[in-house]
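K.L.:
Sharing a structure here in structure tokens format.
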Amino acid sequence: MVKVIYIAADGTRTEIDAPEGESVMRVALANDVEGIVGECGGAMMCATCHCYVEPDWAGRTGERVSGEEDMLEGAASEVTQYSRLSCQIPLTGALDGLVVRLPEDQI
Ligand code: FES
């Protein structure tokens with residue numbers, strides 16, 4: 001299992017132990033984490049799974065995948081260098097303890 005820590009825009013912190021291979025988006029939806037919508041189900045067609053990877057973790061979550069940048073342009077909240085589509089972050093053992101912050105708005 002891999003621990004993922006979600007911090008909502010209001011500071012609410014949710015820690016979840018998730019199976020490897022799941023995406024940060026799917027784990028949030030499966031556990032009713034508020035702040036991730038995931039409207040397209042992970043097909044990279046919506047940007048409602050926008051999250052900010054904590055700077056300490058950014059090197060481990062990898063680069064944005066092809067097409068992610070374009071989709072982030074439609075995100076409802078500010079996009080920063082730490083912005084990612086959480087459906088494009090698969091959980092691996094190297095991400096145990098990953099911290100992501102959630103934007104105020106997804107739509
Ligand atoms: S869930 Fe739609 S882009 Fe991630």
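K.L.:
Two decimals, Cα atoms only, Kirkwood Rh: what is Rg/Rh over the chain?
P.N.:
Ratio of gyration radius to Kirkwood radius: 0.91.
K.L.:
So how do 95-102, 46-53 stack up, highest first, on mean other-Cβ count within 10 Å?
P.N.:
Descending packing order for the listed peptides: 46-53, 95-102.
K.L.:
Still on this structure, please answer the following. Most fluctuating residue of 26, 84, 64 in a GNM of the chain with Cα springs under 10 Å: which is it?
P.N.:
64
K.L.:
Which value at 222 nm does the chain reach when only helices count, each DSSP H run of 4 or more adding -39,500 (n - 2.57), with the total divided by all residues and rounded to the nearest 500 deg cm²/dmol?
P.N.:
-4000 deg cm²/dmol
K.L.:
Please arrange 27, 4 by counting, for each residue, the other beta carbons lying within 10 Å of its beta carbon, fewest first.
P.N.:
Listed from fewest to most nearby Cβ atoms, that is 27, 4.
K.L.:
Now, a different point. Just to be sure I understand: of the beta bridges DSSP finds with both ends in the chain, what percent are antiparallel, rounded to 5?
P.N.:
75 percent
K.L.:
Quick check for me: using +1 on Lys/Arg Cβ and -1 on Asp/Glu Cβ, what's the dipole size of the chain about its Cα centre, in debye to the nearest 20?
P.N.:
220 debye
K.L.:
Now for a different question. Give the calculated FRET efficiency between residue 17 and residue 64 to the nearest 0.05, with a Förster radius of 30 Å applied to their Cβ-Cβ distance.
P.N.:
The value I calculate is 0.70.
K.L.:
Place +1 on the Cβ of every Lys and Arg and -1 on the Cβ of every Asp and Glu in the chain, take the dipole about the Cα centre, and give the residue among 80, 44, 31 whose Cα lies farthest towards its positive end.
P.N.:
Farthest towards the positive pole: 31.
K.L.:
Relative contact order for segment 2-101: what is it in percent, counting Cα pairs under 8 Å that are at least 6 residues apart?
P.N.:
In percent, rounded to a whole number, it is 41.
Laboratory data are not the source of any read-out in this text; all were calculated from the coordinates shown. Everything quoted here is computed from the prediction, not taken from an experiment. FYI the Cβ positions are ideal-geometry reconstructions off the backbone, even for glycines, and counts take in every protein chain you see.
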